[in-house]
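The values are calculated or read from the model by the stated rules, or taken from the named source; none is laboratory data. Here the structure is a predicted model, which means the values were calculated and not measured. Note that each Cβ is placed from the backbone with ideal geometry, even for glycine, and that neighbours are counted across all protein chains shown.
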Amino acid sequence: MSDRKQRGQRPPPPDARPLALADLDMSPSLGDKQYAAELKSLQQRFARIQQAYLYHGHKGLVAFEGWDAAGKGGAIRRIAAVMDPRGFKVWPIAAPEPQDQKRHYMARFWDRAPARGEICIFDRSWYGRVLVERVEGFASAAEWRRAYDEINAFEQLMVDDGARIAKVFLYITPDEQLRRFRDRLDDPLKRWKLSYEDFRNREKWSDYEAAVNDMLAKTHTGTAPWKLIPANCKRHARIAAMTEIADRLEAGVDLAPRPVDPEIRRRFRKIDNTRD
């Protein structure tokens, strides 16, 4: 056993340089043709990943965070499109209900943690404690400051129990967000996505940036690293997010197709021969 394991320390982040929103290059884009080809390939990967998880009993945990209108839902839908719902769940996380407020804030996430063979995606997550709850004053300074260690401990426990974790954060510029808000307002099928909270959060842009940078600095660990993604181009952001998630879920997993059970093959041949 290594000294680090004996001391119970987590491995260092894969990149020692701290992640920060200001360092993001927001220019990446992707054309329609390349996007379509990469999307098809990634969806095939996710289908293979899920079959391996169902067969071997692996567990996958995905945290999707990001700015309002950054494209979380679009990326999640394109993963869900090829997944069997019997082993795949998407948990949309909103403000805690009254019954949730009576318990530790992590309790509702423990309740939704993946079982063996499951992959669970959280559309917003336990990071709400150090983001919206911090900025909007729903958590005291003492509560959100200690949450970093609580979150790291939760993720370490998940990994120690066999789960693979992926965490992605989608970031867009204020001008791009305003354009997407306008599109939602003008589209009758998308207006439901726009709420008062979206505009309230926009008014506190710099406060949210500070909260995100603190979150990245304190929870970007070797156990559960963050992937920070520029999302001004939706196509680029979807492919980048899906690639990161597939890479993390595939790590150390045997993706070979499940072998045919000899007894099933024998019975099939017996039935098939009766048709001749």
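General observations
- Only a single criterion out of (1) buried (at least 17 other Cβ atoms within 10 Å of the Cβ); (2) under 30 Å from PRO174 (Cβ atoms) is not satisfied by ALA95, namely (1).
- Filter pass, THR173 being within 27 Å of ALA141 (Cβ to Cβ), polar (S, T, N, Q) and in contact (Cβ under 8 Å) with a residue 40 or more places away in the chain: no
- Against the conditions (1) on the phi < 0 side of the Ramachandran plot; (2) modelled with pLDDT under 95; (3) in contact with a helix residue (DSSP H, G or I) (Cβ under 7 Å, 6 or more places away or on another chain), ALA94 satisfies every one except (3).
- Residue count for the range 76-108 satisfying the condition of being part of a helix (DSSP H, G or I) and closer than 25 Å to TYR55 by Cα: 8.
- Failed criterion for MET106 (all others in (1) within 27 Å of ASP214 (Cα to Cα); (2) of a type outside the set (Val, Ile, Thr); (3) crowded, with 17+ Cβ neighbours inside 10 Å; (4) in contact (Cβ under 8 Å) with a residue 40 or more places away in the chain hold): (3)
- Matching residues in the range 192-248 - criterion: being of a type in the set (Lys, Arg), modelled with pLDDT of 95 or more and assigned to a helix (DSSP H, G or I): LYS218, LYS234, ARG235, ARG238, ARG248
- Among the candidates ALA240, ALA210, ALA217, the residue that is surrounded by 20 or more Cβ atoms within 10 Å (Cβ to Cβ), more than 18 Å from PHE122 (Cβ to Cβ) and small (Gly, Ala, Ser) is uniquely ALA240.
- Hits in the range 130-155 (condition: out of contact with any Lys or Arg (no Cβ under 6 Å at 6 or more places or on another chain), closer than 27 Å to LEU24 by Cα, part of a helix (DSSP H, G or I) and not β-branched (Val, Ile, Thr)): GLU133, ARG134, ARG145, ASP149, ASN152, GLU155
- Close pairs (6 angstrom Cβ cut-off, 6 or more residues apart or separate chains): on the phi > 0 side of the Ramachandran plot in the range 51-68, surrounded by 22 or more Cβ atoms within 10 Å (Cβ to Cβ) and among the basic types (Lys, Arg) anywhere: GLY66/LYS72
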